[in-house]
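Have a look at the structure below before the remarks.
The values are calculated or read from the model by the stated rules, or taken from the named source; none is laboratory data. Nothing here was measured: the structure is a model prediction, and the numbers come from that model. Cβ placement follows ideal geometry from the backbone for every residue including glycine, while neighbour counts extend to all protein chains displayed.
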Amino acid sequence: MSVHPRQGTPALLQIGAILSRLSGKEALSEVSRYLRAEFPHFRWVGVYTLHGETLKLSGWDGDQPTEHVEIPIGRGVCGRAAREKKTVVVEDVRSAPEYLACFLETRAEIVVPILDGDRVLGEIDIDGNEVKAFDSSDAAFLGQVATRLIAPARDVVDPPPSGATSSGALPVVRL
């Protein structure tokens, strides 16, 4: 499985369109839904945001919710990606002792950090139902997605003052 270059550009444009109309958790949830619908090998898609030393699930799409709505950064593949500030690909979760089991069907996982400079804001976590479901094309594509998720992740981690947006602009009030 992989993300073909011809799929990547249109998908990034669609994600841009989603982010132009939504922010914060709504944006993270909608991007999760879009990714899962567009890429069949993405069987569960979640976006976690980092709050102190804990990753908190801020948006997801899948057949069922995960029990791991909060993950300490000292645990699991998700915690490792946050600690090391790099993408982690697990080809077979059954041979990865640090994997936090969620679903019996899951056989592979990819976790891509959302970095604002050197600061971890969160991460994209995707499960696949086949061994070796993810390759370098998935990592490259999801790295581009993660860059686009900086603003909505920042809105969740550091909410803007009431009435302001992540760009600092105030909304227009029509009377």
(message) When you check Val31 against the structure, is it touching a helix residue (DSSP H, G or I) at 6+ places or on another chain (Cβ under 7 Å), over 20 Å from Leu149 (Cα atoms) and surrounded by 13 or more Cβ atoms within 10 Å (Cβ to Cβ), yes or no?
(response) no
(request) Working only within the stretch 1-48, note down all residues that are at positive phi and of a type in the set (Val, Ile, Thr). (result) none
(request) Looking only at the stretch 107-126, decide whether some residue is of a type in the set (Val, Ile, Thr), free of Cβ contacts under 8 Å to residues at least 40 places away in the same chain and farther than 20 Å from Leu12 by Cα. (result) no
(request) Kindly indicate whether any position in the stretch 127-136 is part of a helix (DSSP H, G or I), over 16 Å from Val47 (Cβ atoms) and modelled with pLDDT under 95. (result) yes
(request) Could you please find all residues in the stretch 81-97 being farther than 19 Å from Thr147 by Cα and either assigned to a helix (DSSP H, G or I) or in contact (Cβ under 8 Å) with a residue 12 or more places away in the chain (or both)? (result) Val90, Glu91, Asp92, Val93, Arg94, Ser95, Ala96
(request) Among the candidates Glu109, Glu98, single out the residue that is over 20 Å from Leu35 (Cβ atoms) and modelled with pLDDT under 95. (result) Glu98
